[in-house]
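Reading through the structure tokens given below for one structure.
Computed from the coordinates by the stated procedures, all read-outs in this text should not be read as laboratory data. Quantities reported herein were computed from a predicted structural model and do not represent experimental measurements. Here the Cβ positions follow ideal geometry from the backbone for every residue, glycine too, while neighbour counts run over all protein chains shown.
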Amino acid sequence: MPRVVDPEQRRAEIAYGVITVAAEQGLAAVSLRSVAAAAGVSMGRVQHYFADKDELVRHACRLVLTRAQQQFESAAAEAGPRENLRNLLVMALPASASARRGTSVWYAFIGAATTDPDLAALIREGWQGMQDTATDLVRQAAGSAVDAVAAGHALTASADGLVLRVLLGTLTVAEATATIDAELDRWLG
């Protein structure tokens with residue numbers, strides 16, 4: 001009897017190959033062949049699930065967004081609004097080697113999105129989700145005491161900038177986290 005194959009599982013396994021290649025060599029090194037090698041599958045299998053490199057990269061970006069959302073949601077179930085907002089803002093800080101790798105790949109996707117409108121749309125959707133979540137959490141934590149939309153924009157933009165500074169070595173994770181905590185105090189009291 002033939003083995004039952006979950007196509008989404010296969011696509012995810014291949015997409016992790018994109019992440020591996022991008023983390024080790026940059027997004028420019030991603031090809032169907034390099035991804036097949038990194039994922040430990042045949043070139044034919046990659047071509048069966050993905051028509052071209054662009055589709056493969058977009059799927060990997062979707063996977064990163066989905067995993068980040070799942071990570072946040074699993075931690076959010078046990079915390080209050082302020083703690084959830086803090087978790088949202090610090091979750092991209094590269095506090096470990098694997099987090100640094102993931103964050104670097106995320107910023108590689110952002111760089112590629114400047115010339116790929118479909119990838120840009122995916123990233124905008126992810127950012128909008130983060131923005132909406134931040135705004136909602138500010139409302140829950142502060143009520144009408146602050147402009148939740150302005151606070152959500154300021155906090156998420158600040159977190160993005162801090163992540164870049166940590167990646168480039170001008171701030172430590174501890175310094176970036178302390179800055180986020182100070183911003184939360186400023187906005188939420």
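Summary table
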{"item": "Within the chain, helix-based [θ] at 222 nm, where runs of 4 or more DSSP H residues each add -39,500 (n - 2.57), nearest 500", "result": "-26000 deg cm²/dmol"}
{"item": "For the chain: relative contact order, % (alpha-carbon pairs under 8 angstrom, 6 or more apart)", "result": "20"}
{"item": "Interatomic Cα distance distribution for segment 1-108, bins of 5 angstrom, percent", "result": "2, 12, 20, 20, 16, 12, 9, 6, 3, 1, 0"}
{"item": "Distant-in-sequence amide H partners of Leu171 (H built 1.01 Å from N, under 5 Å)", "result": "Val166"}
{"item": "Ratio Rg/Rh, restricted to segment 7-188 and using Cα atoms, in which Rh is the Kirkwood radius", "result": "1.02"}
{"item": "Extended-chain gain in nm, criterion 0.36 nm per residue less alpha-carbon gap, Ala145 and Asp52", "result": "28.5 nm"}
{"item": "Nonlocal amide H pairs with Ala92, under 5 Å, H built at 1.01 Å", "result": "none"}
{"item": "FRET efficiency, 1/(1 + (r/R0)^6) with R0 22 Å, evaluated for Thr66 and Asp160 via beta carbons", "result": "0.70"}
{"item": "Formal net charge of residues neighbouring Arg45 (Cβ-Cβ distance under 11 Å; K, R +1; D, E -1)", "result": "+1"}
{"item": "Pairwise centroid distance, computed over Cα atoms, of segment 113-152 with segment 77-92, Å", "result": "14"}
{"item": "For segment 117-160, projected area of the alpha-carbon convex hull averaged over all directions, nm²", "result": "3.0"}
{"item": "Under the span-like rule (Cα at least 30 Å along the axis, Kyte-Doolittle mean at least -0.5), DSSP H helices of the chain", "result": "53-76, 117-142"}
{"item": "Linear extension gain, Arg101 paired with Tyr16, 0.36 nm per residue minus alpha-carbon span", "result": "29.4 nm"}
